[in-house]
Amino acid sequence: MVDRERHLMSLGRDGHGYKGAIGVGIVGAGVVTQAVHIPTLERLVDTFCIRSIYDPDVSKAQHVAGHLGIEASSDFEQLLADSSVEVVAILSPAAFHAGQALAAMQAGKKAVLVEKPLCQSVDEAERLAAAAIQTGAALLVGAMHAYDPAWIAAQSELPAASLSPTLIRSNIVLPPNGQFEACASEVFLTQERPAVTHSPEVLMRLHILELAVHDLPLVRRLLTDGVRPRVVMARILSPMGYAITLEAGDVLVELFAFIHEHWQTDWTLEATGRLAHLRLCFTPSFVSAGSGTMSLSRDGRVVRHDASPENGYFSEWREMARIVRGEKPPPDPNQHLADYRFVLDIAEQASSLLFNVGQ
Ligand SMILES: NC(=O)c1ccc[n+]([C@@H]2O[C@H](COP(=O)([O-])OP(=O)(O)OC[C@H]3O[C@@H](n4cnc5c(N)ncnc54)[C@H](O)[C@@H]3O)[C@@H](O)[C@H]2O)c1
């Protein structure tokens with residue numbers, strides 16, 4: 001039986017989903033909701049049950065709610081007031097993330113998943129971390145590579161490998177999102193996004209906060225804790241992308257992204273030390289093509305993690321279930337804060353380097 005039918009049946013049976021299923025409220029009914037989170041939650045129908053969805057675009061909210069066999073919430077406050085909503089997924093544009101996540105935590109929800117980027121300023125990130133600590137709500141950030149089984153495998157192998165990287169390279173070569181959005185999902189409503197022209201400095205900041213953000217928390221964990229990045233080179237690539245070089249203590253970090261017009265994809269993160277080498281290959285965003293792969297070589301021995309069926313989106317929601325059920329502690333909110341500071345620092349330095357060149 002297809003997952004959507006199972007979802008509708010689970011709702012229809014007793015109106016409450018599978019016994020013990022965790023109630024989810026979704027904020028924002030756009031592409032990431034339709035192409036990523038709903039298909040993922042529909043595969044986890046025994047664990048989660050979508051109770052409510054809110055989008056200020058009422059017809060879009062109703063259309064997506066209709067697909068799920070539920071009613072759309074007429075406003076955000078109604079979604080928060082729904083006691084069957086235990087977990088809130090904030091999948092709206094970044095400008096709304098902090099305010100909505102704070103409101104959800106203060107409304108007593110057990111957990112909040114905020115799509116990347118977490119928020120728009122360090123002040124907001126500090127308030128989110130403080131609210132998570134004060135309310136005890138679990139705060140998860142939808143940077144899916146942090147949950148990818150390949151990265152989880154790397155983290156358990158790294159301490160023994162004493163990698164001490166000298167060079168870290170993040171390489172993201174992708175077709176435009178639209179190509180994967182269109183074929184990776186059952187998008188119920190397609191939406192033409194208006195073409196917006198940004199200055200190179202604004203574009204650089206957006207590229208870091210929206211795309212590089214997927215791998216920068218991983219890069220930070222490969223560095224010595226607390227080391228501050230210093231961006232030494234930043235370029236915007238045409239038609240879309242960036243090339244950035246930075247120094248972090250003794251480590252050279254290269255960040256490269258190129259969005260082109262063909263189908264070739266390559267999403268890799270490599271870290272090379274004097275005696276060991278780590279290589280992670282990820283599947284592109286939106287597609288449900290399983291996890292990434294990992295290889296860690298040292299002393300002629302290679303430890304591998306082959307692709308597993310669960311991708312990062314799937315394991316992010318599985319992790320959410322373990323946390324809500326008390327089987328695992330929530331992530332440390334201060335790590336989210338440190339990740340956000342790291343990402344924003346790079347974004348601002350890279351952006352101001354471009355600004356200086358353009359002056
Ligand atoms: N993890 C990933 O792979 C991934 C992929 C794409 C997007 N994202 C992130 O997901 C978020 C949404 O991106 P998208 O591609 O779905 O954008 P989108 O433009 O397709 O959808 C955003 C939706 O939010 C709605 N919205 C606007 N204001 C709102 C508000 N105040 N409250 C609730 N909803 C509101 C809009 O009407 C729209 O339906 C962004 O933060 C983006 O960076 C993550």
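The values are calculated or read from the model by the stated rules, or taken from the named source; none is laboratory data. Since we're looking at a predicted model, the values are computed, not measured. Reconstructed Cβ throughout: ideal geometry from the backbone, glycine too, with neighbour counts over all protein chains shown. For accessibility, only protein heavy atoms count, side chains too; no ligands or nucleic acids. Shrake-Rupley method; radii C 1.70, N 1.55, O 1.52, S 1.80 Å.
Figures for the structure shown
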| item | result |
| --- | --- |
| Leading residue by the ranking (least open to solvent (accessible area, probe 1.4 Å)) among those in region 66-88 that are under 20 Å from residue 42 (Cβ atoms) and of a type in the set (Gly, Ala, Ser) | 73 |
| Any hit, region 5-22, residues being within 13 Å of the ligand (Cβ to nearest atom), modelled with pLDDT of 95 or more and among the hydrophobic types (A, V, I, L, M, F, W, C) | no |
| Residue within region 89-100 that is touching a residue at least 40 places away in the same chain (Cβ under 8 Å), outside any loop (DSSP other than H, G, I, E, B) and either more than 15 Å from the ligand (Cβ to nearest atom) or under 15 Å from residue 41 (Cα atoms) (or both) present | yes |
| Test: residue in region 245-258 that is closer than 22 Å to residue 36 by Cβ and either open to solvent by 40 Å² or more (accessible area, probe 1.4 Å) or at pLDDT 95 or above (or both) | yes |
| Close pairs (6 angstrom Cβ cut-off, 6 or more residues apart or separate chains): assigned to a strand (DSSP E or B) in region 226-239, among the small types (Gly, Ala, Ser) anywhere | 229/248; 231/350; 234/350; 235/243 |
| Positions within region 122-145 being surrounded by fewer than 22 Cβ atoms within 10 Å (Cβ to Cβ) and more than 15 Å from the ligand (Cβ to nearest atom), in sequence order | 122, 123, 126, 127, 129, 130, 131, 133, 134, 135, 136 |
| In region 31-59, the residues that are open to solvent by less than 20 Å² (accessible area, probe 1.4 Å), within 10 Å of the ligand (Cβ to nearest atom) and in contact (Cβ under 8 Å) with a residue 60 or more places away in the chain | 34, 35, 36, 37 |
| Strands (runs of 3 or more DSSP E) contained entirely in region 240-322, each with at least 1 residues that are within 16 Å of the ligand (Cβ to nearest atom) and either in contact (Cβ under 8 Å) with a residue 12 or more places away in the chain or farther than 29 Å from residue 197 by Cα (or both) | 240-248, 251-259, 266-273, 276-282 |
| Members of region 293-329 found to be at pLDDT 95 or above, closer than 21 Å to residue 222 by Cα, surrounded by 20 or more Cβ atoms within 10 Å (Cβ to Cβ) and not hydroxyl-bearing (Ser, Thr, Tyr), listed by number | 294, 296, 305, 316 |
| Condition met for residue 118 (among the hydrophobic types (A, V, I, L, M, F, W, C), part of a loop (DSSP other than H, G, I, E, B), within 12 Å of the ligand (Cβ to nearest atom) and out of contact with any Lys or Arg (no Cβ under 7 Å at 6 or more places or on another chain)) | yes |
| Failed item, numbered, when residue 83 is tested on (1) in contact (Cβ under 8 Å) with a residue 24 or more places away in the chain; (2) outside any helix (DSSP H, G or I); (3) not aromatic (Phe, Trp, Tyr) | (1) |
| Residue list for region 52-67, restricted to those being over 11 Å from residue 34 (Cα atoms) and among the hydrophobic types (A, V, I, L, M, F, W, C) | 53, 58 |
